[in-house]
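Working notes, beginning with the structure itself.
The values are calculated or read from the model by the stated rules, or taken from the named source; none is laboratory data. Just so you know, these numbers come straight off a predicted model, no measurement behind them. Using ideal geometry, Cβ is built from the backbone for each residue, glycine included, and neighbour counts are taken over all protein chains shown.
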Amino acid sequence: MDPKEVVARFIVDKLKEYKLIGLGTGKTVKKLIEVLSEEGLLKEKIFVASSIDTELEISKREGMVITLYSGLRPQVYIDSFDFVTSDKIMIKGGGAALLREKMLYTFSKEKIFIGEESKLKDLKEYSVPVEVVPVGVSYVISAFKERGYEAKIREGNGKIGPIISDNGNIILDVIVKRENLCDFERLVKEIPAIIESGIFCKKDYEIYLANENGRISIL
């Protein structure tokens with residue numbers, strides 16, 4: 001069984017009562033959109049998406065997407081994660097949509113995260129995405145270095161140079177020890193040119209995990 005499909009089908013029932021839904025970004029969210037479409041629910045809802053990629057996935061199945069500029073607060077926000085620790089700290093932003101994801105998470109009334117059980121990992125350190133205004137990248141890298149953090153500009157296939165977010169910003173990947181994750185989230189607020197990090201520490205959310213045997217667990 002595909003854990004992404006298992007958890008997507010599980011969570012669909014919980015979404016039936018909501019009309020305005022915020023959606024994150026990534027493979028698990030794509031699977032959820034697919035399941036919503038199969039169940040005939042996609043066209044019954046209104047969505048606010050955290051990325052152009054998710055907007056396109058909804059639109060190609062004839063779902064209704066409204067812009068973030070609307071300022072409407074979703075009744076519920078659904079997303080996945082790159083990693084989650086046993087004490088519910090999440091790392092997100094592998095798809096470079098961390099700013100919009102954190103915006104929708106913050107302004108949604110309820111927050112639900114879904115993912116594969118294999119992403120539950122207590123590692124010594126994590127690669128944390130940080131979104132930075134392009135003109136400030138060199139200053140930010142220097143500021144991290146002064147504080148003992150290694151930061152690299154994210155690059156990818158299909159283009160030469162840095163990965164650029166939907167907001168026109170550069171993504172840095174910073175190595176952070178597990179015990180410093182929440183301190184690091186606070187630190188980034190103090191450095192000019194940093195917009196947001198992919199760390200979620202508030203734990204004001206539900207997390208549902210699925211494994212290959214079809215088992216669902218709640219963290």
(request) Would you check if residue 127 is assigned to a strand (DSSP E or B), loosely packed, with under 13 Cβ neighbours inside 10 Å and at pLDDT 95 or above? (result) no
(message) Being part of a strand (DSSP E or B), under 22 Å from residue 167 (Cα atoms) and under 14 Å from the mean Cα position of the chain (by Cα) is the filter here; which residues of segment 63-89 pass it?
(response) 77, 78, 79
(request) Tell me, please, whether a residue that is within 15 Å of residue 108 (Cα to Cα) and either touching a helix residue (DSSP H, G or I) at 6+ places or on another chain (Cβ under 7 Å) or of a type in the set (D, E, K, R) (or both) can be found in segment 53-61. (result) no
(message) Going residue by residue through segment 60-69, is there one that turns out to be surrounded by 19 or more Cβ atoms within 10 Å (Cβ to Cβ), of a type in the set (D, E, K, R) and either under 20 Å from residue 219 (Cα atoms) or free of Cβ contacts under 8 Å to residues at least 24 places away in the same chain (or both)?
(response) no
(request) Could you please find all residues in segment 21-43 being within 21 Å of the chain's Cα centre (by Cα) and part of a loop (DSSP other than H, G, I, E, B)? (result) 24, 25, 26
(request) Please find, among 152, 202, the residue that is at negative phi, surrounded by fewer than 15 Cβ atoms within 10 Å (Cβ to Cβ) and assigned to a strand (DSSP E or B). (result) 152
(message) Tell me the residue from 188, 135 that is of a type in the set (Val, Ile, Thr) and either assigned by TED's automatic domain parsing to the domain that holds residue 99 or surrounded by fewer than 16 Cβ atoms within 10 Å (Cβ to Cβ) (or both), please.
(response) 135
(request) Only residues that are modelled with pLDDT under 95 and over 12 Å from residue 23 (Cα atoms): list them for segment 70-111, please. (result) 93, 94, 95, 96, 98
(request) Determine whether residue 102 is closer than 30 Å to residue 219 by Cα, of a type outside the set (Phe, Trp, Tyr) and not in a loop (DSSP other than H, G, I, E, B). (result) yes
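So that you can scan it fast, the table gives a plain yes or no per residue for (1) under 28 Å from residue 53 (Cα atoms); (2) under 20 Å from the mean Cα position of the chain (by Cα); (3) touching a residue at least 60 places away in the same chain (Cβ under 8 Å):
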{"residue": "155", "(1), (2), (3)": "yes, yes, no"}
{"residue": "159", "(1), (2), (3)": "yes, no, no"}
{"residue": "165", "(1), (2), (3)": "yes, yes, yes"}
{"residue": "172", "(1), (2), (3)": "yes, yes, no"}
{"residue": "195", "(1), (2), (3)": "yes, yes, yes"}
{"residue": "203", "(1), (2), (3)": "yes, yes, yes"}
(message) Suppose we filter segment 137-152 for residues that are more than 18 Å from residue 126 (Cβ to Cβ) and either touching a residue at least 40 places away in the same chain (Cβ under 8 Å) or within 22 Å of the chain's Cα centre (by Cα) (or both); how many remain?
(response) 4
